[in-house]
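Note sheet for the following structure.
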Amino acid sequence: MSEAKATEQAVRDAFRDQAKSCDGLGSPFTARLCRLIADRLKADTPVGVRVLGWQGDPTSAGDSVALRLCGALHALVRTGRDGRLQASYPPIQLDDETLWPVVDHAIRHEAEFILDWLQSAPQTNEVRRSSALLAGFLTLADLFGKPLMLSEVGASAGLNLHWDRYRYRLGDTAWGDPASRVVIEPRWTGPNPPTTEITVAGRAGCDLNPLDPASEQDRLRLLSYIWADQQDRLDRTGFAFETAAARPERVVRADAIDWLRPRLAQHFPGAVHVVYHTIAWQYFPKASQDEGEALIAEAGRNATPDAPFARLQMEADGQTPGAALSLQIWPSGGKHLIGRADFHGRWVEWTGWPTI
């Protein structure tokens, strides 16, 4: 059965809602671009017809049509396919009346490229989320005193699979490789995290559409979904590509639940097996979520003091600000909210694991 066609008003509203999110996440240029498209895009081009007559849910909770189109335009800039558009993007600053004709020209003259880009869902791999993950991993190392066996679902290009190869400052705590060009310094509130040494015993990740950090085409895809006026994110992601590409581990193509089933059936004596995910679980179908929760609960029941199990997650929970950072450990089964984090990792509000 085909998906229902959205109303034109619903599509325009989706672009306006995305603009508000971009404002809140520090991208005034992308916010402007979304508002211009919402107000001025017409159904007189193949792209206009496709976008304004979107088949499916155009919102950020569905198909994220605004991010798809903005990503396509940024890809045109990054590939140099449209020189006029490239010369109009950040750091250049143009007023709306100058910018829109350039955007409209790209929409009209690069229709084939844009229409092809629109077919795929947005894909991101926000490296700064590793700051929140690191605090959780430090907590696990402090609680158990054992090496960590890492399993990431929804790992994209695997940039957050290599979190231990970056350089951080979390509050007063400096951690990581001092030579790394990936520097992550979120605005930190709350107590300092534990400073326990971490040993990674092994790592693996899966994604429905894994991207290869060594592939120029896959790098283009991820970088195009980073907002064009956030150069620090673009630079940091580029450095993270180099780090991941230099390592042998690659994210495997698999459904998360199909991948978790045999992964969770393994036993890792002498190590803490950690399943983790960031802003990914919410996109799984309800049936997959339910099966995943059951598999994780079963793995928890099978945990032992010599082979503990943990789940670390940074996911939206309907509360504000940002996303919830939660940790559950087995065999005790204890679960706590250990902090909150900005969706792009700009800040972390750290609570930590309760000591009593």
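Read-outs throughout are calculated quantities, based only on the coordinates presented, and are distinct from any laboratory measurement. If you're wondering where the values come from, they're calculated on a predicted model, not measured in any experiment. Neighbour counts run over all protein chains shown; Cβ positions are idealised from the backbone, glycine included.
Between R84 and S120, what is the FRET efficiency for a Förster distance of 25 Å, r being their Cβ-Cβ separation, to the nearest 0.05? Don't skip to the end; give the middle numbers.
Numbers: r = 25 Å, r/R0 = 1.00.
Taking R0 as 25 Å, the efficiency between R84 and S120 is 0.50.
For R203, the residues whose modelled amide H falls within less than 5 Å of its own, excluding neighbours fewer than 5 places apart on the same chain, are L150. Selection among L327, T45, L208 by position relative to the dipole of the chain gives L327 as farthest towards the positive end (Cβ unit charges, Cα centre).
Assign unit charges at the C-beta atoms only (+1 for Lys and Arg, -1 for Asp and Glu), then state the dipole size of the chain relative to its Cα centre in Debye, rounded to the nearest 20.
Values: 38 positive and 45 negative charges, 69 e Å.
For this selection, approximately 320 debye.
I need the shape label for the stretch 146-258. Rule: rounded when a/c is under 1.5, else prolate if a/b > b/c, else oblate, with a, b, c from the alpha carbon gyration tensor. Oblate. Candidates F241, L220, Q266 compared by Cα position along the dipole of the stretch 198-294: farthest toward the positive end lies Q266, with charges placed on Cβ.
What shape does the stretch 8-118 take by its C-alpha gyration tensor, where a ≥ b ≥ c are the square roots of the eigenvalues and a/c under 1.5 counts as rounded, a/b above b/c as prolate, and the rest as oblate?
oblate
Secondary-structure-derived ellipticity at 222 nm for the chain, considering helices only, amounts to -12500 deg cm²/dmol, per-run term -39500 (n - 2.57) for DSSP H runs with n ≥ 4.
Computed over the stretch 274-356, the alpha-carbon pair-distance distribution with 10 angstrom bins reads 17, 45, 32, 6, each value a whole percent. Ranking of T98, T320 by neighbouring Cβ atoms within 10 Å, starting from the fewest: T320, T98.
Between the helical axis of 130-144 and the dominant principal axis of the chain, each derived from Cα atoms, what acute angle in degrees is found, rounded to the nearest 10? Helix 130-144 sits at roughly 10 degrees to that axis. Counted by neighbouring Cβ atoms within 10 Å, the residues D104, D96 run from fewest to most as D96, D104. With θ taken as phi - 60° and the Karplus curve 6.51 cos²θ - 1.76 cosθ + 1.60 applied, the whole-hertz 3J(HN,Hα) list for the stretch 219-224 is 4, 4, 4, 5, 5, 5 Hz, x standing for glycine and proline. Fewest-first ordering of H74, H105 by other beta carbons within 10 Å of each residue's beta carbon gives H105, H74. Working note: Karplus 6.51/-1.76/1.60 with θ = phi - 60° gives the stretch 252-268 the couplings 8, 7, 6, 5, 4, 6, 4, 6, 5, 4, x, 5, 6, 6, 7, 10, 10 Hz, where Gly and Pro are set to x. One chain, two ends: R187 and E315. Fully extended at 0.36 nm per residue, the span grows by 44.2 nm beyond their Cα-Cα distance.
The mean of 1/r over all pairs of different alpha-carbon atoms in the chain, once inverted, gives a Kirkwood hydrodynamic radius of 21.4 Å. Cα-based count: Lys pairs in the chain below 29 Å, eight or more positions apart or different chains? Lysine pairs meeting the criterion: 7.
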